[in-house]
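*Asks:* Right, I'll just put the structure down here and ask away after.
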Amino acid sequence: MADIKCSSCRKYYDKKEENCTKCGYKNTSMKNVDKIFIFTGSVTLIAIVLIVFNIMSVFNSISETTNNEYFLAYSYAEKFVKKRLKAPSTAEFPNMFEKNNHITKLDNRKYKIKSWVDCQNSFGAHIRTQFSCVILIKNTKVNCQNLRIN
């Protein structure tokens, strides 16, 4: 079936042939499948690059705060909250990326934590509970002030 038009002599020839059967001109046009493959490959590559840059920017923002005691304060808050739960072994706190948004530095070594915990209540139902507290780190002692679990 002749379905490629020769660029040189303008005659149609079979798409399976590399050269025009009339004049011998080499077919340099891309097939539709090749064009689709290049397009999807390019879009995929761009998406991967954007995802990598996004992940790198998240890690950079987290690494800036890890130099401080942000996550240490959050870790202490988790321990104080677990002590007040009915089923502390079922407690699930936000992931590392989300924790960063739940910590506010108030003063030197003083942090406000406003976050949530998923855990079982006394009936065994898994519920999300909001909590807030102020963590004060002094030398080797850690104090939890104004712990509120709603």
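*Asks:* For segment 106-150, give me every one of the strands (runs of 3 or more DSSP E) that falls completely inside it and has 3 or more residues that are in contact with a Pro (Cβ under 8 Å, 6 or more places away or on another chain). Walk me through it before giving the result.
*Replies:* Numbers: elements: 110-120, 126-138, 141-149.
The strands (runs of 3 or more DSSP E) meeting that bar are 110-120.
*Asks:* While we're looking at this one, here's another question. With the requirement that a residue be crowded, with 16+ Cβ neighbours inside 10 Å and on the phi > 0 side of the Ramachandran plot, what does segment 100-126 give you?
*Replies:* R109
*Asks:* Where residues in segment 29-83 are modelled with pLDDT under 75 and over 22 Å from the mean Cα position of the chain (by Cα), which of them is nearest to K110 (Cα to Cα)? Give the derivation first.
*Replies:* In the first step, residues of segment 29-83 are kept if they are modelled with pLDDT under 75; the result is 29-35, 57-68.
When the remaining residues are screened for being over 22 Å from the mean Cα position of the chain (by Cα), the result is 29-35, 68.
Numbers: S29: 68, M30: 65, K31: 65, N32: 63, V33: 61, D34: 60, K35: 59, N68: 11 Å.
Looking at the filtered set, the residue picked out is N68.
*Asks:* Follow-up. Evaluate the following for K16: is it at pLDDT 75 or above and among the basic types (K, R)? Don't jump to the end; show me each part of the working.
*Replies:* Working: at pLDDT 75 or above: yes; among the basic types (K, R): yes.
For K16, the condition - at pLDDT 75 or above and among the basic types (K, R) - is met.
*Asks:* In addition: Check C9 against each of (1) part of a helix (DSSP H, G or I); (2) modelled with pLDDT of 80 or more and name the one condition it does not meet.
*Replies:* (1)
*Asks:* Does any residue in segment 78-92 that is without any contact (Cβ under 8 Å) to a residue 40 or more places away in the chain come within less than 7 Å, Cβ to Cβ, of a residue that is charged (D, E, K, R) and assigned to a helix (DSSP H, G or I) six or more places away or on a different chain, and which pairs are these?
*Replies:* Here the result reads P88/K82; A91/K82, each pair linking segment 78-92 to a residue that is charged (D, E, K, R) and assigned to a helix (DSSP H, G or I).
The values are calculated or read from the model by the stated rules, or taken from the named source; none is laboratory data. Predicted model only: the values in this text are computed from it and were never measured. No Cβ is skipped: glycine too gets one built from the backbone with ideal geometry, and neighbour counts run over all protein chains shown.
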